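A quick write-up on the structure given underneath.
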Amino acid sequence: MAETVIGPRTKVQGALEGADRLVVRGLVKGTVSVDGPVLVAPGGTLEAEVAAVEVAIAGAVVGRVTARGRVEILPAARMVGDVRTPRILISDGAVFRGKVDMDFADGEGATHG
């Protein structure tokens, strides 16, 4: 699978769509819709509505995250917003403020509506 990387000195504002793995090391504001996994790397910030297969957060996310597979909030990560996914892991040391909705079947929910 190909990979798209938003570098640490890069800011993207608007809508990102694609099928490749997305790695955010910089700043993304807007909406993200990916038919693959999303990684917010340490130092990366995502201020967005996110829809993806999986989302792993090691940096910071502010916004709503929807994942068909799972969401993982790693140690030292910060997530402020609501999560909709069938599986979630919040690691010791992570900060999470929001609601979690796990009441939907796999295959639903990779789009916002």
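Just so you know, all these numbers are worked out from the coordinates, no wet-lab data involved. Treat the numbers as computed from the prediction; the structure is a model and nothing was measured. For neighbour counting, all protein chains shown are included, and Cβ atoms are generated from backbone atoms with ideal geometry for every residue, glycine included.
Taking other residues whose beta carbon is less than 13 angstrom from the beta carbon of MET1, and scoring Lys, Arg as +1 and Asp, Glu as -1, yields -3.
Of the Cα atoms belonging to the range 3-99, the radius of gyration and Dmax stand at 11.6, 33 Å. Placing unit charges on the Cβ atoms only, positive for Lys and Arg and negative for Asp and Glu, gives the range 3-99 a dipole magnitude near 240 debye about its Cα centre. Here the relative contact order of the chain, from alpha carbon pairs under 8 Å that lie six or more residues apart, stands at 17 percent.
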